[in-house]
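The values are calculated or read from the model by the stated rules, or taken from the named source; none is laboratory data. Note that the structure is predicted; figures quoted are calculated from it, not measured. Don't worry about glycine lacking a Cβ; one is built from the backbone with ideal geometry, like all the others, and counts go over all protein chains shown. Just the protein is used for accessible areas: all its heavy atoms, side chains included, with ligands, DNA and RNA removed. Shrake-Rupley method; radii C 1.70, N 1.55, O 1.52, S 1.80 Å.
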Amino acid sequence: MNAEHLAALDPIFAECLRVGGPVIRDFTRPTGFVGLLRMVMEQQLSTKVALALWAKLQDRLGGAVTPDAILALDDETLRACGFSRQKIGYARGLAEAVTSGRLDFDIIHDLPDEEAITRLVALKGIGRWSAEVYLMTTLDRPDIWPIGDLAIQLGVQRLKGWADKPTAKQLIEVAEPWRPYRSLAARLVWHHYVALQEQARAARGLPPSR
């Protein structure tokens, strides 16, 4: 299903396309350890900052971001690459889970959505949002709806014209008619949200955020 088909199901998606234009942003991420590590790094960071820090980490490691390479870095180097004290623990825990065999991405990738999410959130530092976004952006799972994402919450509120930020129950209910294409729905809401942010920056004479 493409964006135009989803727009025919709910007018908010036609609005997403009207405001944001064709969806050309790349929401994909690499699979496996690299993809999940990026999820950890990007938590609570802007896209622009996260991209710069990830590039710095890649440069430090010669482009080979592997579990062994992360475990070999000291705290000071990881902090310089954007990892807080808490994120250093998460990154090392993730690397150790892979090197020990406790985390097997081939197994994770073969599991149904909810089972894969359950396995991923068992890792320290990986919450449901990170697990859902991993499945959506690295494995292209078609029916993921990350209701814990602030941009999804605020985007749906604006698009639906609701006075208050929607509850988890409201977000689940509103998306039921969009099954089994809720990942595309999420991308369109993100697309709309980012487009409005960029328009606001342009109106203030600021450069694009990325």
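If R0 is 30 Å, what FRET efficiency do you get for residue 26 and residue 122 from their C-beta distance, rounded to 0.05?
For R0 = 30 Å, the calculated efficiency reads 0.55.
Between the stretch 1-64 and the stretch 88-151, how many Å separate their Cα centres?
Between the Cα centres of the stretch 1-64 and the stretch 88-151 lies a distance of 16 Å.
For the pair residue 52 and residue 18, how long in nm is the line joining their label points, each one 7 Å along Cα→Cβ?
3.6
Keeping all protein chains in place, calculate the accessible area per residue for the chain (probe 1.4 angstrom), answer in Å².
Dividing the accessible area of the chain by its residue count gives 52 Å².
Leaving ligands, DNA and RNA out of it, report the carbon-plus-sulfur percent of the accessible area of the chain at a 1.4 Å probe.
Here it works out to 53 percent.
With percent of Cα pairs over 28 Å apart as the read-out, I listed (1) 45; (2) 22; (3) 34; which label goes with the value calculated from this structure?
Checking each listed value against the structure points to (3).
Order these peptides, 178-191, 101-114, 31-44, by their mean beta-carbon neighbour count within 10 angstrom, highest first.
Averaged packing, sorted descending, gives the order 178-191, 31-44, 101-114.
Can you return the lysines within cross-link range of residue 169? Criterion is Cα-Cα under 27 Å, with same-chain partners fewer than 8 residues away left out.
Excluding near neighbours in sequence, the set is 124, 160.
Against the globular-protein guess of 2.2 N^0.38 Å, express the Cα radius of gyration of the stretch 32-139 as a ratio, rounded to two decimals.
1.01
Angle between the Cα long axis of helix 128-138 and the longest principal axis of the chain, 0 to 90 degrees, nearest 10?
90
By a straight-distance test (C-alpha under 20 Å), which lysines pair with residue 56 as possible cross-link partners, with residues fewer than eight away in the same chain excluded?
Output for residue 56: 48, 87.
Suppose R0 equals 35 Å; then what is the FRET efficiency for residue 66 and residue 201 from their Cβ-Cβ distance, rounded to the nearest 0.05?
For R0 = 35 Å, the calculated efficiency reads 0.45.
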